[in-house]
Each structure stands twice: as structure tokens, then as C-alpha cells.
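In what follows, a single structure is set out as C-alpha cells and then discussed.
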Amino acid sequence: MVESSEKRDKFEFLDESISWWRRFSGEIGRRLREQLAIEPGLVKEKRWRYASHVTVVLLISLVILVGQWKMPKAEPPAVRPDHWLTISRSRGGAPEWEDNGSLIKAPVPHTTIPERPRLEVITYTVQSGDSVFGIAERFDVSPQTIMWSNGRLEDNPDLLGVGQELVILPTSGVYHIVEEGDTLEGIAQKYKVEVSAIADYEVNGLKEPYELTAGMALVVPGGEKPYIPKFVHRYTGPIPEDAAKGTGNFVWPASGSITQKFWSHHRAIDIGGYKGAPVVASDSGFVVYAGWDDSGYGRMLLIDHGNGWHTLYAHLDIYLVDYEQSVAQGQQIGTMGQTGNATGPHLHLEIWERNSKRNPLLLLP
Ligand SMILES: [Zn+2]
């Protein structure tokens, strides 16, 4: 029994302290008597001096004693796993904050996910450093699920910004907001699932005859949305004859760690680093876009390498080259930042071969 042995230890310690104090005070008394016998004239002064010494020693002993005494362990406070996580049944309407609307970061950066399956649609507020992949992993759903449930992320997981509220489904699939004229069969067909997958899913709370009303939100477990790639607008004017041409080989435009790889819904790589880190041209070429991109890329540069290839650099803090300017491979063109929608300083790099975005990791040395 741990507790009783602890108690015994405490008493033993107390006993020891008391007997030590008896011996100590006895010694003091003995010395005092000796002094008194030798120098009776100094009695009064000595008495006061010893008395003050004894007081100090007494206080120090008391402090040590109290320090040794184990304070009873406080029970960990009964905190909800994460108070910035709103647990709400999303049936339309704005998500509510449980706390007075303040976005307080929980003391632990990661959410503890209970073992039992979650049966609610919840909202999560994007934190600094989050990525679609990371959030998906944390809530045990596919990255696509995060994108398919959150409008503007759908075609581009880079549009994740700190403070943004995300709908998190309890299972991988699609979140569908019912529109006028929708039928269960139609929705099932659209997302390639059986009707029963939606109808029988507890979270949807559907009962026969499965009447749907506009605005109703349905979780489509296992549902899929087709991928429709979108491109940022780009300069289409004539490239001058004397513009720098690409070598056909690429160099790393920045150093850092890969914070997001190339995958079906992120046809780019994210190189995480620090704000102000140099960004260089991956190959020689002609700057066809240098400006702010409203879709979430922030300050962005697009270089036409004149050989059918383009490189795109997004979320730059500043750019050091201008529109319609030739750049050499390795030349610094800007600095890393987190302009636009970004959860931390990083370079979003796309390498395009004509109109297809290629995996930079396969093209970089
Ligand atoms: Zn990116």
C-alpha cells in the first residue's frame, strides 16, 4: 500500500526531527550554561544573542520540515479534452462557442480523441501550423473528407488559414447540404454510395419516408467527390525574344522541411521554413506574374521558363523581382512568408509542364 508507507515515512521523519531538535536544544542549553559560568557579566547580552540564534535556527528547521512534507496531490482538474472544440450538432446555423466566444488555445496542442466512434459533426478552429493532412489524421478521417466538408478547401488545401472554422465529419465521406429538389437516391448516386449508407447512418437521424428539406446537412459515409483541378490565372502576353530560358533542370528554391507533399488534391509541395528565408528561382526564366493572389496564395510569383515549363512560388513575404523580368536559375526572387492563407511560413511550389502540375519531388535533385 503506497499510501500507508507514505504516511509511515512522514511520521518517521517527524520523529527524527523532534529527537534531533531535542538534542540540538539540549546542546544550546549546555553551552549557554557554560558561558554563563565563565562570564557572568555577559549574561544578559549572551542570552539575547543565543535567543535570536535559536529563533533563526528554529525558523530554518520549520521551513525544511514544511518543505519535506509532501503536499497532498491535487486531483487533475476535470477539464473537457479541448475547450476550443465546439461539439455541436451541425444542422445549419452558425457554430457556437461553448466558452464566451473567445478562441483560447488549449494547453495541449493536440486533441485527445476518445476511443469510441464519434457520432457528431463537430467544428474545429485551425491553429497555427495545422495542415489538412494533420487535421485529418487527428480526427481519423481522410484528408479529402476535410476538404469536401469545407467549401473553399475543396480544390486547394492550401487555403487553410489560422482561425478558420472547419467542419469535421465523424467518418470519412462527404458533407452534403440538401438543396431544393434533392432526393436521397440522387445524393447517393452523386457521391457513389448506396442509399442505405446515408439513410441508415445514425448521425443523420433520418426516418422513413426520409423526407429531405433544403438546408439540411447530411453525412454521406464513404462518399466521394470528383476532383476538378483549377489553375491560377496567369500572364498570357508575348514572352520577349531575349527573355532568359530555362535549363530544363530545377534546383531547390528554398531550404526547409517538406510540410505537405504532392498528392491528388495538392499538386505542389510546401517547404516549411522561417519568415524571411531566401527563395530562389528554381530555373532561369521570365517572370509572368508578380503580385497578390486573391485565391489564397498571397504574394505570388510565376516564372515562365520558355520551354513549356512554369514554376509558381506562393505565400512569399516579399518578392525581389518584378513582372516581365528575366531571372537566372538560383537568383533570389523573394523571401518566404505566410501571406494569403497559410498556417505558418512556407513556400508553396508548383512545377507545371504545360497545363499539368508535376510532382516537384520527382524533378528536384
Ligand atoms: Zn501548398
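Numbers below:
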{"read-out": "Counted residues, segment 268-320 - those being of a type outside the set (Val, Ile, Thr), more than 16 Å from the ligand (Cβ to nearest atom) and either out of contact with any Gly (no Cβ under 7 Å at 6 or more places or on another chain) or part of a strand (DSSP E or B) (or both)", "value": "14"}
{"read-out": "Residues of segment 330-351 satisfying the condition of being of a type outside the set (S, T, N, Q) and in a loop (DSSP other than H, G, I, E, B)", "value": "330, 340, 342, 344, 345"}
{"read-out": "Residue that is farthest from residue 355 (Cα to Cα), among those in segment 250-267 that are under 18 Å from the mean Cα position of the chain (by Cα) and within 10 Å of the ligand (Cβ to nearest atom)", "value": "259"}
{"read-out": "Among the candidates 198, 177, 239, residue that is away from the ligand (no atom under 16 Å from the Cβ), touching a helix residue (DSSP H, G or I) at 6+ places or on another chain (Cβ under 9 Å) and not assigned by TED's automatic domain parsing to the domain that holds residue 306", "value": "198"}
{"read-out": "Condition broken by residue 230, with the remaining ones in (1) touching a strand residue (DSSP E or B) at 6+ places or on another chain (Cβ under 7 Å); (2) within 15 Å of the ligand (Cβ to nearest atom); (3) modelled with pLDDT under 90 satisfied", "value": "(1)"}
{"read-out": "Pair list, Cβ under 7 Å, 6 or more apart: segment 266-289 residue more than 13 Å from residue 327 (Cβ to Cβ), other residue away from the ligand (no atom under 16 Å from the Cβ) and assigned to a loop (DSSP other than H, G, I, E, B)", "value": "273/255"}
{"read-out": "Residue that is of a type in the set (D, E, K, R), more than 11 Å from the ligand (Cβ to nearest atom) and over 14 Å from residue 277 (Cβ atoms), where the choices are 350, 324", "value": "324"}
{"read-out": "Every residue from segment 236-265 that is touching a residue at least 60 places away in the same chain (Cβ under 8 Å) and closer than 13 Å to residue 346 by Cβ", "value": "253, 254, 256, 258, 259, 260, 261"}
{"read-out": "Qualifying positions in segment 151-174 - away from the ligand (no atom under 16 Å from the Cβ) and not in a helix (DSSP H, G or I)", "value": "163, 165, 166, 167, 168, 169, 170, 171, 172, 173, 174"}
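The values are calculated or read from the model by the stated rules, or taken from the named source; none is laboratory data. As the structure is a computational prediction, the values presented were derived from the model and not from experiment. Neighbour counts run over all protein chains shown; Cβ positions are idealised from the backbone, glycine included.
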